[in-house]
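The values are calculated or read from the model by the stated rules, or taken from the named source; none is laboratory data. Just so we're clear, the structure is a prediction, and the values are computed from it rather than from any experiment. We place every Cβ from the backbone using ideal geometry, glycine too, and count neighbours over all the protein chains shown. The accessibility values were calculated without ligands, DNA or RNA, using every heavy atom of the protein model including side chains. Shrake-Rupley method; radii C 1.70, N 1.55, O 1.52, S 1.80 Å.
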Amino acid sequence: MDLIEAARDALADAHVPYSEYRVGAALRTADGTVYTGCNIENANYSNSLHAEEVALAEAVKDGHREFDRIAVTSGVRDGVTPCGMCRQSLAEFAADDLVVVCDEGDGEIGEYTLGELLPNTISEGTLDDARAE
């Protein structure tokens, strides 16, 4: 099963009573293991979980720290990309060359690197530099 398909399968588990905007993600580790996630909304919107976060949390919980590819889709196949918060979360564990595949429907995909989507990210090095000053 390819990553887009896995992300689409994850849509079925989304809990979206407020926005009705389903998102699924499939994250592949460096060893080829795939973790999926879906968005889980909460009446207190700030407590909602994003699909990418859920997939990342599952992978990290299982001891993975290296990733090479993530696919993201929505129920409307609109080419959704990870939001800024999810980009930053991914950057904690993935290099700038992490491939981000976005489902545009009808077999079309958008493809980016994490570095393109989040240039000049806040990193451990950023914090080290700030402490050194």
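Apply the a/c threshold of 1.5 to the C-alpha gyration tensor of region 63-133 and tell me whether it is rounded, prolate or oblate. Prolate, since a/c reaches 1.5 and a/b exceeds b/c. Judged by the gyration tensor of its Cα atoms, with axes a ≥ b ≥ c, region 5-58 is oblate; a/c meets the 1.5 cut and b/c is at least as large as a/b.
Is the chain rounded, prolate or oblate when judged by the Cα gyration tensor, a ≥ b ≥ c being the square roots of its eigenvalues, rounded requiring a/c under 1.5 and prolate requiring a/b larger than b/c? Prolate, because a/c is 1.5 or more and a/b exceeds b/c.
When peptides 48-60, 84-96 are ranked by their average number of other Cβ atoms within 10 Å per residue, the highest-first order is 48-60, 84-96. When you filter the GluC sites (Glu not before Pro) in region 2-51 for DSSP loop state and at most 11 other Cβ atoms inside 10 Å of their Cβ, you are left with E20. Distance between the pseudo-spin-label points of N120 and A43 (7 Å out from Cα toward the beta carbon): 4.1 nm. If a spin label sat at a point 7 angstrom from the Cα of D129 along the line to its beta carbon, the backbone N atoms of region 51-91 nearer than 19 Å would be those of 88-89, 91. Backbone amide hydrogens, once placed in the peptide plane, bring T113 within less than 5 Å of V100, excluding anything fewer than 5 places away on its chain. For R65, put the label point 7 Å out on the Cα→Cβ axis and report which residues of region 79-99 keep their amide N under 14 Å from it. Residues 92-95 qualify, since their backbone N sits under 14 Å from the label point. List the trypsin sites (Lys or Arg not before Pro) within region 4-75 that fall in a DSSP loop (any state other than H, G, I, E or B) and whose Cβ has at most 11 other Cβ atoms within 10 Å. Answer in residue order: R65. Net charge dipole, region 1-70: roughly 80 debye, given to the nearest 20, about the Cα centre with Cβ charges of +1 for Lys and Arg and -1 for Asp and Glu.
With a 1.4 Å probe rolled over the protein heavy atoms of all chains, the accessible area of D68, D78, D106 falls in the order D106, D78, D68, largest first.
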